[in-house]
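First up is the structure itself, then whatever we jot down about it.
The values are calculated or read from the model by the stated rules, or taken from the named source; none is laboratory data. This one's a predicted model, so the numbers in the text were calculated from it and none came from an experiment. Cβ placement follows ideal geometry from the backbone for every residue including glycine, while neighbour counts extend to all protein chains displayed. The area values use the complete protein model at the heavy-atom level, side chains included, leaving out ligands, DNA and RNA. Shrake-Rupley method; radii C 1.70, N 1.55, O 1.52, S 1.80 Å.
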Amino acid sequence: MKSESTVSSVMKWVYVAAGIALFFKMVLLPNVAPELINLSIVDAVVQDAGVSNAVSGIIFRNRLYDTIFEVVVFTIAILGSKYLLANERPFCTVYRFTDHPSVVLARLGATISALVGIELAIRGHLSPGGGFAAGVAGGTAIGLVAITASTEWMQGVYQRWQAATWEKISVLVFLLLAVMTLIGLELPHGELGTLFSGGVVPILNILVAMKVSLGSWAVILIFIRYRGLL
Amino acid sequence: MLEACVFATVLCGFFGIILKKNLVMKIVSMDVMSTGVIAFYVLIAAREGLFTPIVGQGQTGGFADPVPQAVILTAIVIGFSIQALMLVGVMKLSRDNPTLESGEIEKSNTP
């Protein structure tokens, strides 16, 4: 036992030395990048995708495979946390913020956050933002409401609006549209820079925003249910 | 200079992952490391220009490279999902053997 711990403490210093050596290697040695020929990546992508935000164009068109599996990984992670927590005993009493200033501030923040989320989702192909950022904004709004509202009420709202079903529907529609784009069917691009332009990209943005905010809602609910709030 | 700071962040996270014994601290270090990696991609993207890669706001040229930014968005979302999953796993582990120290958990689970 004694010699084992000596060995591990020696190895610890070997790791630290290796890390510091790697640090100096990365900082001091120049890392070469190929010189591009006179080609503007942004212009090429914007031309291809027909949306003025080049990052959205790459995510939802040039690297659509990547985004499909990103959505799939997100779905599987949420399913995995639900599955792992399925046999746990729910937390008995959940303490939450009940004083009026907190409630009012959280509701105000939630309203602003939800509006920002909608704006980011519908204009994600024209301005900075996009589906994932919009989904996180929507999830923040739901989380702010969740820390002040009662658990049963949140659960009731989640079930009444059938949020789980909508989450699954948005994933399926996303996959369908992605497959359509990948086999070459494209909607007309429309005029560059207007709200209804870019073919399928705005729709995919809205679907991803729905998926991410409903998914974070599910995660928030199960974490509060099995672990409590504070 | 900025590059050195980014690498220092990545290494801080890496050392936290391998040297810290507490499982929650390991997850926090992993988040620090992924933050460093994201910052590195943003730094690489800003090599040719600093403007947001959105056409039609009066700028021509000098745009940041959109490809690394789009690539690292995947890492951000996946990092978030992995964190949720790891936290659930840590909750299960800490309930089965009431400690968060990885050494203790390994010791009590070694046959």
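Points worth noting:
Let's see how each residue does on (1) open to solvent by 70 Å² or more (accessible area, probe 1.4 Å); (2) touching a residue at least 60 places away in the same chain (Cβ under 8 Å); (3) closer than 17 Å to A:Ile59 by Cβ; (4) not assigned by TED's automatic domain parsing to the domain that holds A:Phe97:
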residue: A:Pro128; (1), (2), (3), (4): yes, yes, yes, no
residue: A:Ala133; (1), (2), (3), (4): no, no, yes, no
residue: A:Gly138; (1), (2), (3), (4): no, yes, no, no
residue: A:Trp161; (1), (2), (3), (4): yes, no, no, no
residue: A:Ser170; (1), (2), (3), (4): no, no, yes, no
residue: A:Ala178; (1), (2), (3), (4): no, yes, yes, no
residue: A:Ile183; (1), (2), (3), (4): yes, no, no, no
residue: A:Leu195; (1), (2), (3), (4): yes, yes, no, no
residue: A:Gly199; (1), (2), (3), (4): no, yes, yes, no
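- The condition of being under 20 Å from B:Lys20 (Cα atoms) and at the interface with another protein chain (Cβ under 10 Å from one of its Cβ atoms) holds for only one of B:Leu87, B:Leu100, that being B:Leu87.
- Flag if A:Tyr83 is open to solvent by 90 Å² or more (accessible area, probe 1.4 Å), hydroxyl-bearing (Ser, Thr, Tyr) and facing chain B (nearest Cβ under 10 Å): yes
- When the criteria are applied in full, A:Phe174 fails the requirement of being away from chain B (no Cβ under 12 Å), in contact with a helix residue (DSSP H, G or I) (Cβ under 8 Å, 6 or more places away or on another chain) and open to solvent by 20 Å² or more (accessible area, probe 1.4 Å).
- Meets criteria (more than 9 Å from chain A (Cβ to nearest Cβ) and on the phi < 0 side of the Ramachandran plot) for B:Ile27: yes
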